[in-house]
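Report on the following structure.
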Amino acid sequence: MLSILIQKELKNILLSPKFFATFLVCSILILISIFIGINEYNNSVLQYQTNQQIAQQDIEQATGWMQVRNLLHREPTPMQIFVSGLHFDVGRVSGISSFDDVKLVRSPYSDETLFAIFRFIDFAFIVQVVLSLFAILFTYDAINGERENGTLKLAFSNPVSRVQYLFSKFAGTWLGLIIPLLIPIMIGLLLVIVFGVPVSESDWIRIIGLIGLSILYVTFFIGIGLFISSVTRKSSLSFLLLLVIWISGVLILPRMGVMAAGQIVDIESVAQIEAKQEAFERERWESYSASLSEIWGEREQEMEGMTEEERRAYRDEKEWEWLEVDDAARKQVQSDIIENNRTLLEESQNRKKVQEQLAFNLARISPVSSFRLAAMNLAGTDIDMKSRYEESMRQYKDEFTKFTERKQAESGNSGGFRIEVDSNEGVKLDFGRNDQTLDTSDMPRYSAPVVQAGTSFGNSILDFGLLIVFIIATFGGSFFAFLRYDMR
Amino acid sequence: MQNETIKQAPLLEARNLTKVYEDGVKALDNLQLTVHPGEIFAMLGGNGAGKTTTINIFLDFIQPTSGNAFINGIDANSDPLEAKKNVAFVSENVQLYPNFTAMQNVDFFVRLGGKSQYKRSDYEDALVRVGLQREAFDKKLKDFSKGMRQKCGIAIAILKDAPAILLDEPTSGLDPKAGKEFTRLVGDLRDEGKAILMSTHDIFRAKEISDHVGILNAGVLVARKTNAELKGVNLEELYVEYMAGYMEEVGEPSALINNLS
Ligand SMILES: Nc1ncnc2c1ncn2[C@@H]1O[C@H](COP(=O)(O)OP(=O)(O)O)[C@@H](O)[C@H]1O
Ligand SMILES: [Mg+2]
């Protein structure tokens with residue numbers, strides 16, 4: 001019985017023009033997106049390698065270890081082909097040196113603003129927007145359309161159970177949508193292999209997870225379609241309702257969640273934080289100079305009643321002590337400022353985290369957000385990509401500055417330069433180094449932060465779970481509604 | 001042509017069937033009827049008399065307010081899956097899948113009816129029997145006329161080969177020739193031993209083949225006649241007597257009669 005029903009559903013779908021259209025559109029979109037994604041990936045790998053080389057050369061040709069500035073680049077990942085996530089939005093490069101703050105700048109989109117206008121289409125986008133729409137097109141009239149046609153009555157004049165009937169509707173539509181999803185993605189993965197994209201074992205696991213996630217997502221939309229179709233009598237009404245649900249679920253709710261979080265949790269702007277930092281800095285330096293003049297007043301007092309001779313001798317005697325005291329105070333101020341900057345930054349980062357979590361949780365009213373978040377987590381192009389990179393770059397920076405300081409000390413060169421003005425040769429800069437390049441052989445190497453596939457799955461487990469809960473809810477609702485459905 | 005089988009148990013039985021819709025409309029009022037193997041029971045009545053309601057209860061599309069409908073002794077509303085194994089149904093407007101061919105539609109619905117042993121030639125035989133042109137067998141249903149769809153519907157019912165058949169105004173909207181052919185087919189099925197409950201507002205056709213005619217008016221079976229009793233009856237009088245409500249809707253009886261004969 002069930003197989004007869006499923007066969008019929010599948011046949012009905014395979015013969016329908018909407019299946020043909022879906023297959024065509026999905027194939028074209030998925031294959032093009034993967035093809036372009038591969039090209040884009042290869043380009044970014046090339047760019048990455050060139051940039052690394054240039055950075056290396058720049059270091060070798062630096063004037064001295066004190067001036068050395070390393071440039072670290074974000075490493076492209078094959079997963080960005082499928083889920084570009086924030087890849088195009090997060091900066092690619094950060095300067096690393098004692099005088100640079102670690103900060104990823106120059107995102108791909110900021111360099112190529114044209115592509116930012118409509119953004120790249122990737123596999124995740126196609127699933128999120130196109131397949132969900134197709135799922136609705138496949139299901140909006142699944143039940144009420146058959147009632148309107150009159151075929152429901154004829155079918156149920158036979159010993160057909162409602163549960164089996166609804167299940168066959170689901171199974172037929174499911175297969176009818178999963179085929180146009182799986183075949184192109186399989187061909188796409190073949191393309192990825194043929195074009196020699198270095199997909200690691202962990203990446204394959206992620207890709208499988210992503211396909212599983214996409215299937216869950218499509219299943220949810222089939223569920224909601226079946227549900228609406230079995231609580232309405234007219235397919236025109238269910239279509240309208242589903243369109244409203246789709247628009248709010250896919251386009252509105254995720255954004256609303258993020259916007260609401262932005263209103264609820266206030267985040268200081270970078271300018272505000274900088275103003276705070278500056279105020280603190282000014283205040284510390286002012287109190288420093290005040291205390292300095294106080295100290296000098298005290299020192300003057302100590303010397304009171306001394307003759308000029310005595311004073312000089314006293315000063316000469318105390319000079320180093322005083323210098324050390326003053327220097328210590330100055331260093332204290334500097335470290336206080338650094339400490340304060342760090343706490344302010346940390347505080348703002350913590351608040352950001354709170355806002356982020358709230359935004360995600362609000363957005364998760366819509367399973368579309370769950371899909372998106374899980375997809376980005378799986379691909380490693382998620383929102384934490386930036387902080388992951390900056391974190392590891394900060395660690396590297398510590399290593400790197402230690403290294404340059406050591407090198408500096410070893411070379412015994414002040415790192416300064418001399419300006420000579422020669423009437424014949426004009427201005428001449430003397431960096432005090434011979435024309436040898438710097439030896440970078442023992443320079444610490446930076447390696448991009450590694451996220452285990454297991455960790456990525458762990459991070460997306462909540463969203464997987466939510467999707468499953470939504471699926472169960474829509475199917476439960478559909479069965480409940482269809483068991484009471486008036487066939488006439 | 002009827003009486004020898006009457007002692008057998010009825011295949012279709014409505015027992016004290018009453019249906020009051022949610023909005024308070026009493027569509028059936030204590031309906032009693034039985035159809036035995038080899039019998040045609042024609043439920044005659046105008047629009048809104050309760051014919052479709054009766055058939056819908058037999059098919060468990062709606063629940064009776066009280067009373068029972070039995071198919072082959074099985075309560076259609078408490079064990080619908082078992083009951084429906086014993087009945088085939090042709091609606092007043094047979095609707096099939098427009099993207100499927102006649103063959104594909106027949107194949108699906110017949111197998112849904114529990115018959116999977118048929119070969120294509122069996123389907124062809126049935127379609128030939130109901131008078132569908134061979135060229136139409138593999139045409140998509142979306143190009144079919146109403147008459148062609150009714151033919152597919154009866155072919156499906158024939159192939160399901162259930163002991164009882166429910167026909168809800170099967171000839172309404174068919175041209176006279178098609179209607180006549182259809183009626184002849186129904187008569188053949190009765191002769192094969194099927195128990196047939198047919199609703200219609202076409203008294204002439206009913207008289208032609210039925211063994212029993214029940215006149216339904218506002219949910220009440222107001223008259224019950226055997227075929228023999230109908231022989232000498234003046235049709236116009238019968239209309240006036242029992243179907244006054246219906247006449248008001250349809251118009252002049254004479255106009256209708258001219259139309260149908
Ligand atoms: N779903 C329903 N809800 C309320 N009243 C209904 C419903 N279906 C039918 N009726 C009413 O029940 C009566 C019988 O209808 P029906 O059985 O369809 O008549 P027939 O098939 O003989 O034309 C009519 O008055 C009709 O308006
Ligand atoms: Mg009716």
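Using the Cβ-Cβ distance between B:GLU241 and B:ASP161 with R0 = 41 Å, the FRET efficiency computed as 1/(1 + (r/R0)^6) comes to roughly 0.60.
Once the Cα atoms are used to define both axes, helix A:453-483 deviates from the longest principal axis of chain A by about 30 degrees. Taking a point 7 angstrom from the Cα of A:ALA313 along the C-beta vector, which residues in region A:281-307 have backbone N less than 19 Å away? Under cut-off, by backbone N: A:300-307. Here the Karplus relation 6.51 cos²θ - 1.76 cosθ + 1.60, evaluated at θ = phi - 60°, turns the backbone of region B:62-71 into coupling constants of 9, 9, x, 5, 8, x, 9, 10, 10, 10 Hz, with x for every Gly and Pro.
Between the alpha-carbon centres of region A:456-480 and region B:117-154 there is a gap of 45 Å. In degrees, nearest 10, range 0 to 90: what is the angle between the Cα axis of helix A:162-194 and the longest Cα principal axis of chain A? Tilt of helix A:162-194: around 40 degrees. Which of the residues in region B:89-127 lose at least 20 Å² of accessible area when you go from the chain alone to all protein chains together (probe 1.4 Å)? Listed by number, the residues meeting the 20 Å² cut-off are B:PHE89, B:GLN95, B:TYR97, B:ASN99, B:PHE100, B:GLN104, B:PHE108, B:PHE109, B:ARG111, B:LEU112. Only one residue of A:TRP65, A:ALA55, A:SER161 has its Cα farthest out toward the positive end of the dipole of region A:50-163, where Lys and Arg carry +1 and Asp and Glu -1 on Cβ, and that residue is A:SER161. Report, for the protein assembly as shown, the % of DSSP beta bridges that are antiparallel, rounded to 5. So the antiparallel bridges amount to about 60 percent of the total.
The stretch between A:LYS402 and A:GLU201, if pulled fully straight at 0.36 nm per residue, gains 68.8 nm over its current Cα-Cα span.
Look at the stretch A:147-154: the mean tally of other chain Cβ atoms within 10 Å of its residues' Cβ atoms is 6.
Highest-first packing order for the peptide set B:60-70, B:99-109 is B:99-109, B:60-70, based on the mean count of other beta carbon atoms within 10 Å. With a 1.4 Å probe and every protein chain kept in, tell me what percent of the accessible surface of chain A is carbon plus sulfur. It is 60 percent, rounded to a whole number.
The listed peptides B:149-156, A:141-148, A:359-366, A:263-270, ordered by packing as a protection proxy, come out as B:149-156, A:141-148, A:359-366, A:263-270 (highest mean of other Cβ atoms within 10 Å first).
I need the P(r) histogram for chain A: all alpha carbon pairs, bin width 20 Å from 0 out to the longest distance, whole percents. Bin by bin from 0 Å, the calculated values are 18, 38, 25, 13, 5, 1, 0.
Principal axis extents of the C-alpha atoms in region A:46-122 (largest first, rounded to whole Å): 46, 22, 19. In a simple Cβ point-charge model (Lys, Arg +1; Asp, Glu -1; nothing else charged), region B:96-161 has a dipole of about 160 debye relative to its Cα centre. Based on Cα atoms of region B:1-146, Rg over Rh with Rh as the Kirkwood radius reads 1.02.
Amide H contacts for B:ALA223 (H built 1.01 Å from N in the peptide plane; partners 5 or more residues away or on another chain; cut-off under 5 Å): B:ILE215. For the cross-link pairs A:LYS18/B:LYS140; B:LYS180/B:LYS225; B:LYS160/B:LYS180; A:LYS11/B:LYS115; B:LYS19/B:LYS142, which exceed 28 Å when the distance is taken from alpha carbon to alpha carbon? As for pairs spanning more than 28 Å Cα to Cα, those are B:LYS19/B:LYS142.
Here the label points at B:GLN133 and B:PHE204, each 7 Å from Cα along the C-beta direction, are separated by 2.6 nm in the simple model. In the protein assembly as shown, a dipole from Cβ-located charges (positive for Lys and Arg, negative for Asp and Glu) runs towards its positive end, and of A:MET79, A:MET376, B:GLN8 it is B:GLN8 whose Cα lies farthest in that direction.
Which distance in Å, rounded to a whole number, links the C-alpha centroids of region A:225-296 and region B:59-110? That distance is 57 Å. With the convex hull drawn over the C-alpha atoms of region B:96-161, the volume per residue is 68 Å³. Mean partner shielding of peptide A:155-168, defined as the number of other chain Cβ atoms within 10 Å of each residue Cβ, is 5. Only protein heavy atoms count here, probed at 1.4 Å, and on that basis chains B and A bury about 2500 Å² of accessible area in total. The Rg/Rh ratio of region A:36-190, with both radii computed over alpha carbons and Rh defined as the Kirkwood radius, is 1.29. Within 10 Å of the Cβ of each residue in B:54-60, the mean number of Cβ atoms contributed by other protein chains is 2. Scaled against 2.2 N^0.38 Å for its residue count N, the alpha carbon radius of gyration of region A:108-222 is 1.46.
Peptides A:72-82, B:208-218 ranked from most to least packed by the mean count of surrounding Cβ atoms within 10 Å: A:72-82, B:208-218. Seen against the Cα atoms of chain A and their longest principal axis, helix A:253-264 is set at about 40 degrees.
Rounded to 0.05, the FRET efficiency of the A:MET186 and A:ALA448 pair, given R0 = 30 Å and the Cβ-Cβ distance, is 0.55. Rounded to the nearest 0.05, the FRET efficiency derived from the C-beta distance between A:SER248 and A:ILE117 at R0 = 35 Å is 0.90. The string of couplings for region A:303-320 from the Karplus curve (6.51, -1.76, 1.60, θ = phi - 60°) is 8, 4, x, 8, 7, 4, 4, 4, 4, 4, 4, 4, 4, 4, 5, 8, 3, 5 Hz, one whole number per residue in order, with x for Gly and Pro. Here the protein assembly as shown is treated with +1 on each Lys and Arg Cβ and -1 on each Asp and Glu Cβ, and its dipole about the Cα centre works out to around 5000 debye.
Report the one residue of B:ILE62, B:LEU112, B:VAL90 whose Cα lies farthest in the direction of the positive end of the charge dipole of chain B (charges on C-beta: Lys and Arg +1, Asp and Glu -1; origin at the Cα centre). Of the options given, the answer is B:LEU112. Using all C-alpha to C-alpha distances in chain B, build P(r) with 5 Å bins and read off the rounded percent in each one. Whole-percent P(r) values from 0 Å outward: 1, 6, 13, 17, 19, 17, 14, 8, 4, 1, 0. Label positions at B:ALA228 and A:ASP326, each projected 7 Å from the Cα along the C-beta direction, are separated by 13.8 nm.
The values are calculated or read from the model by the stated rules, or taken from the named source; none is laboratory data. Given the structure is predicted, the values throughout are model-derived calculations rather than measurements. We place every Cβ from the backbone using ideal geometry, glycine too, and count neighbours over all the protein chains shown. For accessibility, only protein heavy atoms count, side chains too; no ligands or nucleic acids. Shrake-Rupley method; radii C 1.70, N 1.55, O 1.52, S 1.80 Å.
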